[in-house]
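These notes concern the structure reproduced below.
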Amino acid sequence: MKHNFASFVKKETLHILRDKRTMLIVMLIPVVLMVLFGFAISTEVNNVDVAVVAPNRTDGVRDAVERLSQNGYFTFKGYISHGEIDSYLRAGKAGAVLVFAPDYDRGVAQMDAGIPIKPLVRLVVDASNVNTAGSATAYLQSVLLGSASQQSMFETRMLFNPQMKSAYNFVPGIMGLIFILVCAMMTSVSIVREKEVGTMEVLLVSPVRPVKIVFAKMIPYFAISCIVLVTIMMLARYLLGVPMSGGMWGVFLLSLLYLLLSLSLGLLVSTIVDTQIAALLISAMVMMMPILMLSGMLFPIENLPGFFRIVSNVVPARWYIDAVRKMMIQGVSIVAVWKNCVILLVMTVTILGVSLKKFNDKLE
Amino acid sequence: MNDVVISVRELTKCFGDFTAVDHISFDVHRGEIFGFLGANGAGKTTAMRMLCGLSYPTSGTGSVVGYDVMHEGDKIKRRIGYMSQRFSLYNDLTVWENMSLFAGIYGLTKKETEKRATELLARLNFVSERDTLVGSLPLGWKQKLSFVIATIHRPRVVFLDEPTGGVDPITRRQFWEMIYEAAEEGTTIFVTTHYMDEAEYCSRVSIMVDGEVRALDTPARLKKQFAADSMDEVFRILARGAHRGE
């Protein structure tokens with residue numbers, strides 16, 4: 001009965017290929033998300049517009065301004081007067097304004113000589129966005145302090161992601177999200193569609209074992225997900241420059257496991273609901289929300305309140321994203337994240353087992 | 001009797017307290033067109049599902065093409081055809097793809113599929129529609145296609161669950177001609193319907209009321225027995241006593 005399995009896989013593939021719109025969405029969403037998170041959405045401080053108020057444009061002031069404008073994260077918007085500060089910030093013409101003291105040069109000299117001084121620069125920042133304001137302030141200070149040859153007791157080294165690029169952080173998150181979307185949502189909808197339309201009944205009267213029906217459905221989606229996986233990894237490596245110093249194979253292998261898990265989740269959903277719309281809602285609400293909120297994709301797990309931290313343990317994406325992040329950015333091999341692998345494997349087997357059992361039970 | 005294709009004894013199905021099918025017994029012979037009638041909720045579909053191996057009986061026995069419905073569902077499934085009351089081909093596949101899918105499911109080889117599908121298309125006058133998406137065919141054509149696909153593997157019995165629902169009278173007529181043709185070739189037809197004129201076309205008819213078979217005979221004898229002019233009247237007389245609503 002090999003032939004009947006092959007004709008099933010062919011049928012599922014045709015369904016997918018005929019539905020060009022869905023196909024396009026599935027292929028494009030990952031690319032759009034990658035570009036969006038990689039370039040547009042970032043928690044880094046980028047392009048902060050800085051205006052400067054300086055009663056005396058002394059050498060020291062000019063030197064500081066020069067360094068600012070050469071720094072890629074800041075854009076020097078020109079010198080303004082005291083009275084313009086408020087209107088500049090309100091109009092959004094500047095995100096931060098530096099106000100230099102009239103005797104800035106002399107103050108710097110005194111500071112270098114170790115004489116206590118009053119503040120020399122006032123930093124006026126638009127704090128309507130707390131995150132940007134916070135990091136802009138810190139960064140501005142360090143840039144200016146770096147100028148004054150000031151001694152510091154700290155020497156900071158950022159490991160793994162020295163430029164603190166947020167894209168690095170998002171790539172694993174996007175992967176965790178996308179595969180649930182492609183695998184779980186699409187398989188569940190596709191199985192439930194057959195129940196809704198009535199074709200499932202005809203298939204069940206046929207000699208094909210129900211398990212075969214389900215696996216035949218999974219195969220084309222698995223193939224598509226593999227294409228998506230390769231696309232994402234290529235984009236991450238060559239467009240966003242994620243290091244992947246731990247080797248791509250580990251990420252790839254773990255992702256294959258995660259794909260299986262997502263497919264099983266889709267199957268589970270399809271055994272619970274009877275309409276396509278319900279399948280969509282469950283996939284979106286019950287699966288996407290925890291991934292966004294509880295997987296460490298957007299918010300660090302450590303910051304979650306106790307209860308949610310416990311709940312996050314059953315979110316598969318949490319373990320996947322964590323492991324992929326370690327492999328992609330820290331450069332560890334798959335062996336170092338064995339614990340995550342085992343957890344994901346156990347989850348996959350459990351979910352697949354439960355859903356196959358439920359699928360069979362439903363028949364009688 | 002060697003030509004008994006379906007044999008049912010005291011077949012019962014309960015869902016909790018509710019007895020959907022209540023100790024029904026009958027035989028269906030080879031090449032017969034067996035009309036399985038009953039109002040909505042009388043238990044027709046439940047009985048039919050048990051015969052197709054989709055559901056297990058609570059008690060009683062049944063055999064289809066010589067296999068026990070309780071234990072040999074897989075063997076039964078390979079030898080029967082089924083057409084559901086809902087249109088159940090794939091709209092996004094072409095006529096040919098639908099045919100070769102179901103041929104494949106029933107284990108026909110590529111060569112056999114090719115031969116059988118070509119033959120059936122010719123019989124339907126469908127050759128020109130070979131590569132048309134099924135979704136763009138008119139309903140009547142779809143139903144005819146469903147029927148030939150249900151018989152693509154030359155099953156010994158075909159179960160038709162309200163096959164002509166929503167179809168115009170001319171197509172219904174053509175549909176019944178196809179049923180006759182299949183029966184003449186020796187295929188047994190087990191058909192449920194709500195159209196009483198169709199009941200007249202059957203070799204024998206059983207009428208279910210409240211989960212029980214209340215009448216079973218040829219249409220002519222049933223009309224005589226109930227002193228009725230048409231099967232419609234016979235049905236009304238029997239259904240009047242029904243307790244189960246819709």
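Side notes on the structure shown:
- For the range A:317-333, the set of residues classified as surrounded by fewer than 24 Cβ atoms within 10 Å (Cβ to Cβ) and farther than 13 Å from A:GLY173 by Cβ consists of A:LYS326, A:GLN330, A:GLY331, A:VAL332, A:SER333, listed by residue number.
- Close pairs from the range A:131-145: first touching a residue at least 12 places away in the same chain (Cβ under 8 Å) and within 17 Å of A:VAL52 (Cβ to Cβ), partner crowded, with 17+ Cβ neighbours inside 10 Å and not acidic (Asp, Glu), Cβ under 6 Å, at least 6 apart: A:ALA136/A:VAL45; A:ALA136/A:VAL48; A:ALA136/A:ALA96; A:THR137/A:VAL125; A:TYR139/A:VAL45; A:LEU144/A:ALA64
- Just one of the numbered conditions (1) under 20 Å from B:LEU54 (Cα atoms); (2) more than 11 Å from chain A (Cβ to nearest Cβ) is not true of B:ILE105: (2).
- Checking B:ARG154 against (1) more than 17 Å from B:LEU89 (Cβ to Cβ); (2) assigned to a helix (DSSP H, G or I); (3) of a type in the set (Lys, Arg), the condition it does not meet: (2)
- Qualifying residue in the range A:19-28 (condition: touching a strand residue (DSSP E or B) at 6+ places or on another chain (Cβ under 7 Å), more than 14 Å from every other protein chain (Cβ to nearest Cβ) and at pLDDT 85 or above): no
- So A:VAL48, is it more than 14 Å from chain B (Cβ to nearest Cβ), out of contact with any Pro (no Cβ under 8 Å at 6 or more places or on another chain), surrounded by fewer than 17 Cβ atoms within 10 Å (Cβ to Cβ) and not small (Gly, Ala, Ser): no
- Counting only residues that are surrounded by fewer than 19 Cβ atoms within 10 Å (Cβ to Cβ), among the β-branched types (Val, Ile, Thr) and either within 14 Å of chain B (Cβ to nearest Cβ) or not in a helix (DSSP H, G or I) (or both), the range A:200-230 holds 1 of them.
- None of A:ILE329, A:ILE343, A:ILE310 is modelled with pLDDT under 85, assigned to a helix (DSSP H, G or I) and β-branched (Val, Ile, Thr) except A:ILE329.
- So B:GLN143, is it touching a Pro at 6+ places or on another chain (Cβ under 7 Å) and in a helix (DSSP H, G or I): yes
- For the range B:114-123, the criterion of being within 14 Å of another protein chain (Cβ to nearest Cβ) and within 27 Å of B:GLY43 (Cα to Cα) is met by none of the residues.
- Number of residues in the range B:128-150 that are at pLDDT below 90 and of a type in the set (Val, Ile, Thr): the value is 0.
- Residues that are over 18 Å from the mean Cα position of the chain (by Cα), away from every other protein chain (no Cβ under 14 Å) and under 16 Å from B:ALA20 (Cα atoms) occur in the range B:46-59; there is at least one.
- B:LYS111, sole failed condition from (1) loosely packed, with under 15 Cβ neighbours inside 10 Å; (2) assigned to a helix (DSSP H, G or I); (3) at the interface with chain A (Cβ under 8 Å from one of its Cβ atoms): (3)
- Top-ranked residue in the range B:179-210 [being in a loop (DSSP other than H, G, I, E, B) and under 18 Å from the mean Cα position of the chain (by Cα); ranked as farthest from B:ARG49 (Cα to Cα)]: B:GLU185
- For the range B:70-96, the candidate set comprises residues that are touching a strand residue (DSSP E or B) at 6+ places or on another chain (Cβ under 8 Å) and facing chain A (nearest Cβ under 7 Å); within that set, the residue that is nearest to B:ALA150 (Cα to Cα) is B:TYR82.
- Only one entry in B:ASP3, B:ASP68, B:ASP22 is at pLDDT below 90, among the charged types (D, E, K, R) and over 16 Å from the mean Cα position of the chain (by Cα), namely B:ASP3.
- Long-range neighbours under 7 Å by Cβ, at least six apart or interchain, first residue farther than 16 Å from A:MET289 by Cβ within the range A:309-322, second part of a helix (DSSP H, G or I) and of a type in the set (Ser, Thr, Tyr): A:TYR320/A:TYR258
- Any hit, the range B:192-199, residues being within 24 Å of B:GLY140 (Cα to Cα), at pLDDT below 90 and among the aromatic types (Phe, Trp, Tyr): yes
- Yes/no for A:VAL182 being assigned by TED's automatic domain parsing to the domain that holds A:ASP19, buried (at least 20 other Cβ atoms within 10 Å of the Cβ) and at pLDDT below 85: yes
- When we screen A:LEU159, A:LEU145 for residues that are of a type in the set (A, V, I, L, M, F, W, C), modelled with pLDDT under 80 and closer than 30 Å to A:SER245 by Cβ, the only hit is A:LEU159.
- Pick from the range A:103-122, criterion surrounded by fewer than 16 Cβ atoms within 10 Å (Cβ to Cβ) and closer than 21 Å to A:ASP86 by Cβ, ranking: nearest to the chain's Cα centre (by Cα): A:ARG122
- Hits in the range B:124-142 (condition: under 21 Å from the mean Cα position of the chain (by Cα) and within 13 Å of chain A (Cβ to nearest Cβ)): B:LYS142
- Residue among B:VAL205, B:VAL157 that alone is surrounded by 14 or more Cβ atoms within 10 Å (Cβ to Cβ) and within 21 Å of B:ARG86 (Cα to Cα): B:VAL157
- Among the candidates B:ALA215, B:ALA199, B:ALA239, B:ALA183, residue that is among the small types (Gly, Ala, Ser), buried (at least 22 other Cβ atoms within 10 Å of the Cβ) and either touching a residue at least 12 places away in the same chain (Cβ under 8 Å) or touching a Gly at 6+ places or on another chain (Cβ under 9 Å) (or both): B:ALA199
The values are calculated or read from the model by the stated rules, or taken from the named source; none is laboratory data. Everything numeric in this text was worked out from a predicted model, so none of it was measured. Quick reminder, even Gly has a Cβ in these numbers, built from the backbone with ideal geometry, and neighbours come from all protein chains shown.
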